[in-house]
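Every number in this text was worked out from the coordinates using simple rules, so none of it is lab data. Source: prediction; values computed, not measured. No Cβ is skipped: glycine too gets one built from the backbone with ideal geometry, and neighbour counts run over all protein chains shown.
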Amino acid sequence: MEDLLLQLQDKKIVEDKQGEVYAGTSLMQNMEGKLFYIESYGCQMNFSDSEIVASILEQSGYKVTTNYHEADLVLINTCSIRDKAEQTVRNRLANFNLIKKDKPEMMIGVLGCMAERLKKKFLEEEKIVDIVVGPDAYRTLPKLVEEAETGQKAVNVLLSRDETYADIAPVRLDKNGVTGFISIMRGCDNMCSFCVVPFTRGRERSRDPFSIVQEAKELFAKGYREVTLLGQNVDSYKWKNEEETQSVNFAQLLERVAEVSPELRVRFSTSHPKDITDDVLFTMAKHENICNYIHLPVQSGSTEILEKMNRGYSREWYLGKVKRIREILPDCGLSTDIITGFCGETEEHHQDTLSLMEAVKFDMAYMFFYSERPGTLAARKYTDDVPEEVKRRRLSEVIQLQNKHSQWSNDQDKGKTFKVLVEKTSRKSTDDLCGRNDQNKMVVFPKSNHAVGEYVHVHIDNVTGATLIGKVNATV
Ligand code: 5AD
Ligand code: SF4
């Protein structure tokens, strides 16, 4: 703890919201032996942030618990991307408040995007939480807990232009010990008109490549065999040293991480169609351990809607990008995000989305109907004019078509053999193991004498829409 604080104080980055640097020892005494529970919602970045929060709290003397009934501090890391995500969190907060009735000393904190979006409203109007902390203020959490315990309003939702938590070693909460996430950047500068993220996570900033590579090396040394580099838009990763004499882009960063070990698989998410470069694709082709899989959100198949969404590309550009990916990486897995019923979307625009899906045949997709978010460009500029039943009907058509394509894509894999990293015991049977192939498809196979963390070659003899099923040919 002291080491960390010294380190932080050196860098003058433990300033709280009044700008005062706090001393660590008293905090540590107060918090020693206390238990915290943390629950995460939303994107992978939130799960990764919770591991940073866990690290900050452990440095302050807290211990993690998976049982919220025994926790002194209950935290929810929240998502604002759609209204439904916020409702889920509200229900959860209501549950925790019931427990708090019998245990008033239990502190409830809300972290992440909802904290940033709703700020003091949680404390002042709704009075359902004790602590509110935005995504760039996690270093001040121990101090805020202390304030809340004395009955003060504990809020810090300041966004930062340079916070990347680069020096904090995340406490791995996922526990499979084989696959881990590394956050490489924070925030987003894209301003897609439907999206609340630029407002809740602030400006884009890239973490220094040295700490990223170091984190990958440490994970590998602990037995991890796969890392996923995370950012809202990884292709715009750009780090420069202070003198601006040295810079690293995403392709170069990928290469550095891939060179940690040929036994360490590298994945990344999310890519933006307007920013992914040939350089990145060639780097993927060059390194066997960079997985041939790209999550490339299209959002809509209509150029007119893409323009209103402020996505920065047209339908044709997107199709051109897919063509290029398949030229350079012929067996690359491809997934996407699709929104139905965006402002002004006509039946014709919707048909454009379906035809783009037919043209690409994504292996997998995340599909949503449009949910207006207060404060976004779309909320200010356009009317949310597609009736909910129409949004839902279009969504179900999109889902139906995607199910057909996922099945088709998996059918193509029958008879093939894939290298799979064993991740865990199958949910359906303890006699089976499962893991992913290069293209990110889940593969299930009999356990035999194989173990989590090994690479195996699996011959596929059966498939469902979601899974490949087979037998191990030979251990690598
Ligand atoms: N409504 C519906 N879906 C949204 N997404 C982002 N904002 C919204 C919104 N307001 C979807 C996009 C994005 C994914 C993470 O969530 O498809 O890529
Ligand atoms: Fe939101 Fe667009 Fe940024 Fe993704 S790229 S986080 S959709 S603004």
> Short version: ³J(HN,Hα) in whole Hz for each residue of the stretch 89-106, in order, from phi by Karplus 6.51 cos²θ - 1.76 cosθ + 1.60 (θ = phi - 60°), x for Gly and Pro, what are they?
Replying inline: 5, 4, 4, 5, 4, 4, 4, 5, 5, 5, 5, 5, 4, 8, 9, x, 6, 5
>> Report D for the stretch 393-476 in µm² per second (integer): Stokes-Einstein, Kirkwood Rh on Cα pairs, 20 °C, 1.002 mPa s.
In response: 163 µm²/s
> Quick one: Val456, Val74, fewest Cβ neighbours within 10 Å first, how do they rank?
Replying inline: Val456, Val74
> Longest exposed-loop-site-free stretch of the chain, with GluC sites (Glu not before Pro), DSSP loop and at most 10 other Cβ within 10 Å?
Replying inline: 245-476
> Residue by residue through the stretch 235-251, which ³J(HN,Hα) values in whole Hz follow from phi under the Karplus form 6.51 cos²θ - 1.76 cosθ + 1.60 (θ = phi - 60°), with glycine and proline marked x?
Replying inline: 5, 9, 3, 7, 10, 10, 6, 4, 6, 6, 9, 9, 9, 10, 9, 5, 4
> What spacing in nm lies between the two simple spin-label points modelled at Gln214 and Glu39, each 7 Å away from Cα in the Cβ direction?
Replying inline: 3.5 nm
>> Using Cβ contacts closer than 10 Å as the measure, can you line up Arg392, Arg82 from fewest to most?
In response: Arg392, Arg82
> Whole-Hz Karplus ³J(HN,Hα) for the stretch 268-278, in order, using 6.51 cos²θ - 1.76 cosθ + 1.60 and θ = phi - 60°, x for Gly and Pro?
Replying inline: 8, 6, 10, 9, 10, x, 6, 10, 5, 10, 4
>> Taking amide H atoms as placed 1.01 Å from N in the peptide plane, list the residues 5 or more away in sequence, or in a different chain, whose amide H sits under 5 Å from that of Ile168.
In response: none
> Could you work out Rg/(2.2 N^0.38 Å) for the stretch 169-211, with Rg from alpha carbons only?
Replying inline: 1.51
> Which residues in the stretch 306-329 have a backbone N closer than 15 Å to a point placed 7 Å from the Cα of Asp278 along the Cα-to-Cβ line?
Replying inline: 320-329
> What is the projected area of the convex hull of the Cα atoms of the stretch 179-411, averaged over all directions, in nm²?
Replying inline: 13.5 nm²
>> Using a 4.7 Å cut-off between beta carbons, which cysteines in the chain end up with no partner cysteine at all?
In response: Cys43, Cys79, Cys113, Cys188, Cys291, Cys332, Cys343, Cys434
>> Run the helix sum for the chain: -39,500 (n - 2.57) per DSSP H stretch of 4+ residues, divided by residue count, reported at 222 nm to the nearest 500 deg cm²/dmol.
In response: -10500 deg cm²/dmol
> Measuring from label point to label point, each 7 Å out along Cα→Cβ, what is the Thr467 to Glu388 span in nm?
Replying inline: 3.4 nm
> Dividing the Cα radius of gyration by the Kirkwood radius, what Rg/Rh value follows for the stretch 175-284?
Replying inline: 0.98
> In nanometres, what is the gap between the two model label sites at Asn95 and Glu372, each 7 Å from Cα along Cα-to-Cβ?
Replying inline: 3.1 nm
>> What is the ratio of the Cα radius of gyration of the chain to 2.2 N^0.38 Å, with N the residue count, to two decimals?
In response: 1.00
>> Could you work out how much longer the chain between His69 and Glu259 gets when fully extended? Use 0.36 nm per residue separation minus the Cα distance between them, nm to one decimal.
In response: 64.0 nm
> Kirkwood hydrodynamic radius of the stretch 324-370 from all distinct Cα pairs, in Å?
Replying inline: 12.0 Å
> Out of residues 5 or more away from Ala365 or on other chains, whose amide H comes under 5 Å of its own, with H placed 1.01 Å from N in the peptide plane?
Replying inline: Thr336
> In the neighborhood of Lys103, defined by Cβ-to-Cβ distances under 12 Å, what is the net charge if each Lys or Arg adds +1 and each Asp or Glu adds -1?
Replying inline: -2
>> Quick check on the chain: of the DSSP beta bridges with both residues there, what percent are antiparallel, nearest 5%?
In response: 40 percent
>> If amide hydrogens are placed 1.01 Å from N in the peptide plane, which non-local residues have theirs closer than 5 Å to the one on Phe268?
In response: Leu229
